[in-house]
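*Asks:* One structure, as structure tokens, below. Some questions next.
The values are calculated or read from the model by the stated rules, or taken from the named source; none is laboratory data. Just so it is clear, the structure is predicted and the values come from calculations on it, not from any experiment. Positions of Cβ are generated from backbone atoms using ideal geometry, with glycine treated the same way; all protein chains shown enter the neighbour counts. Heads up: the accessible areas ignore ligands, DNA and RNA and are worked out on the full protein's heavy atoms, side chains in. Shrake-Rupley method; radii C 1.70, N 1.55, O 1.52, S 1.80 Å.
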Amino acid sequence: MAIMEFPETQGANTTTASAIQNLNFDLIRRRRGSNVFAPATAINASDVCGSGARFEIINEPSKSVGESIHGNPMEEEERNDAAVANGQESNTTAYKFSYRASAPAHRRIRESPLSSDAIFRQSHAGLFNLCVVVLIAVNSRLIIENLMKYGLLIRAGFWFSSKSLRDWPLLMCCLSLQLLPLAAFLVEKMAQKRCMTERVVISLHITITTAAIFYPVLVILKCDSAFLSGVILMLVACIVWMKLVSYAHTNHDMRLLAKSMDKVETSDVDYSYDVSFKSLAYFMVAPTLCYQLSYPRTPCIRKGWVARQFIKLIIFTGLMGFIIEQYINPIVQNSQHPLKGNLLYAIERILKLSVPNLYVWLCMFYCIFHLWLNILAELLCFGDREFYKDWWNAKTIDEYWRMWNMPVHKWMVRHIYFPCLRNGIPKAVALLIAFLVSAVFHELCIAVPCRLFKFWAFIGIMFQVPLVILTNFLQNQFQSSMVGNMMFWCFFCILGQPMCVLLYYHDVMNRKSSAC
């Protein structure tokens, strides 16, 4: 299409008019024989007819619908309005004739924004904001309804009461556990000086690591302690046990490498072997379960950042306590045993419990893996802070277990999975062994404080193995889909955890009633 501007001139000669007409015909012929959207061409009339009249012919380049010669028409209009406001001449002519009826409106293949092929290439910030608004509205109603029905259930002794003083044996046990790393250090120091054989070193380390688990178990079972205190002690015991295993395993490996590489020079890896108490002390408090002689370090401590994270930790810990006391406890107390009552009633209780339980689980994850571990890392200038990955996007159960708890995952890979493979164990069996170790420690952390060994936690973790196979199969069948992610959220967070809560609660209540 042509945009022609020529000034009004009196007595324009026929030569000029004829030249313009011939030029228009030539332009039409060239358009019909080639692409409609040819490059822009500017022709001076004086070059054609030798007169002072001037005009321009601008051919629109290939653009998508909604675009003009100069870009976005809305932006162009805003620029023109601004130009007029500043006393300049508006340049609307450049795109005024760009949208003819013959101009194509559809120029390339496009997908709808919510189609399966394009949905993950779009920004969903607006939908996320909508979900946040809906969650706030729904949960505000639930909070008001709960307060009207039960009142405020949190009492003054929620955080600390006189009954908490009876848990002092557990505190003493937790403090005395720190003597075991000192014993492991002495064993390694003697092994470095070759004062004992390798078999004796291994036997002593097995004894030390076994004591790290059985000593807290005996203290918890003997003392009438609170459930929360027992869980904390068992978590500390499991952490100490995993750190001691890593310390012994890593030193054993470095000792073997040092013996075999004494006279071999290598530029890639430093096989120097040294037993340092400073390295062990730092490792025991560092937010990692894998021992090494040195770690990436940050240059300084951001005190203001640490203070902000502590405030967040207090807020979210209080939120967890509020949800447990105000929502989970009434639901659990008013429920029946899920395996002994009416099936539909059990499903209703589980679904009702799933939402507050999910909130508590997410708050727990945020408090431990993001706030607490980052605070500890900042205070210790610990550089590697990949404590978790984007597990919420996991498409299979296998991906979830590899991303949600990176310290444990790295420990499992380093000290369980790959040692099994190096010893000729098949990959599937090595994976099963890793899940077996995880299941045992999950059972210990829950069953021992409850003083009840029903193996519900053990069964729940081992049930992940067939789910791993199932979600991997579905992911292979439905590429680029989130079927596995949906199954993870359904089985693990919506059904699995509420079921375990109900099972352990009613079994504990039945045990107490039978004991009375």
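*Asks:* In this structure, is Phe382 touching a strand residue (DSSP E or B) at 6+ places or on another chain (Cβ under 9 Å), open to solvent by less than 20 Å² (accessible area, probe 1.4 Å) and closer than 28 Å to Pro299 by Cα?
*Replies:* Taking the combined requirement at face value, the residue satisfies it.
*Asks:* Which of the following residues is among the aliphatic types (A, V, I, L, M), in contact (Cβ under 8 Å) with a residue 40 or more places away in the chain and open to solvent by less than 20 Å² (accessible area, probe 1.4 Å): Ile331, Ile350?
*Replies:* Ile350
*Asks:* I would also like to ask the following. Take the residues in the stretch 202-221 that are in contact (Cβ under 8 Å) with a residue 24 or more places away in the chain and either of a type in the set (Lys, Arg) or open to solvent by 70 Å² or more (accessible area, probe 1.4 Å) (or both), then tell me which one is farthest from Leu244 (Cα to Cα).
*Replies:* Leu221
*Asks:* Something else about it: Yes or no: Arg402 open to solvent by 20 Å² or more (accessible area, probe 1.4 Å), of a type outside the set (Ser, Thr, Tyr) and either touching a residue at least 40 places away in the same chain (Cβ under 8 Å) or within 21 Å of Val236 (Cα to Cα) (or both)?
*Replies:* Against the criterion (open to solvent by 20 Å² or more (accessible area, probe 1.4 Å), of a type outside the set (Ser, Thr, Tyr) and either touching a residue at least 40 places away in the same chain (Cβ under 8 Å) or within 21 Å of Val236 (Cα to Cα) (or both)), Arg402 does not qualify.
*Asks:* Take the stretch 334-347 and flag every residue that is of a type in the set (A, V, I, L, M, F, W, C), surrounded by fewer than 15 Cβ atoms within 10 Å (Cβ to Cβ) and assigned to a helix (DSSP H, G or I).
*Replies:* Once the filter is applied, which keeps residues that are of a type in the set (A, V, I, L, M, F, W, C), surrounded by fewer than 15 Cβ atoms within 10 Å (Cβ to Cβ) and assigned to a helix (DSSP H, G or I), the stretch 334-347 yields Leu343, Leu344, Ile347.
*Asks:* Starting from residues that are closer than 26 Å to Phe488 by Cα and not in a helix (DSSP H, G or I), keep the ones in the stretch 403-425 and report whichever is modelled with the highest pLDDT.
*Replies:* Looking at the filtered set, the residue picked out is Asn405.
*Asks:* Also, quick follow-up: From the list Leu235, Leu175, which one is surrounded by fewer than 14 Cβ atoms within 10 Å (Cβ to Cβ) and out of contact with any strand residue (DSSP E or B) (no Cβ under 7 Å at 6 or more places or on another chain)?
*Replies:* Leu175
*Asks:* Then there is this: Could you list, in sequence order, the residues of the stretch 213-255 that are of a type in the set (A, V, I, L, M) and under 21 Å from Met190 (Cα atoms)?
*Replies:* Leu244, Val245, Ala248, Met254
*Asks:* Got a number for residues in the stretch 178-201 being in a helix (DSSP H, G or I) and open to solvent by 80 Å² or more (accessible area, probe 1.4 Å)?
*Replies:* Result for the stretch 178-201: 4.
*Asks:* Still on this structure: Residue under question is Lys389, and the condition is that it be without any contact (Cβ under 8 Å) to a residue 24 or more places away in the chain, in a loop (DSSP other than H, G, I, E, B) and either in contact with a helix residue (DSSP H, G or I) (Cβ under 7 Å, 6 or more places away or on another chain) or among the acidic types (Asp, Glu) (or both); does it hold?
*Replies:* For Lys389, the condition - without any contact (Cβ under 8 Å) to a residue 24 or more places away in the chain, in a loop (DSSP other than H, G, I, E, B) and either in contact with a helix residue (DSSP H, G or I) (Cβ under 7 Å, 6 or more places away or on another chain) or among the acidic types (Asp, Glu) (or both) - is met.
*Asks:* Can you tell me which of (1) open to solvent by less than 20 Å² (accessible area, probe 1.4 Å); (2) modelled with pLDDT of 85 or more is the one Thr471 doesn't meet?
*Replies:* (2)
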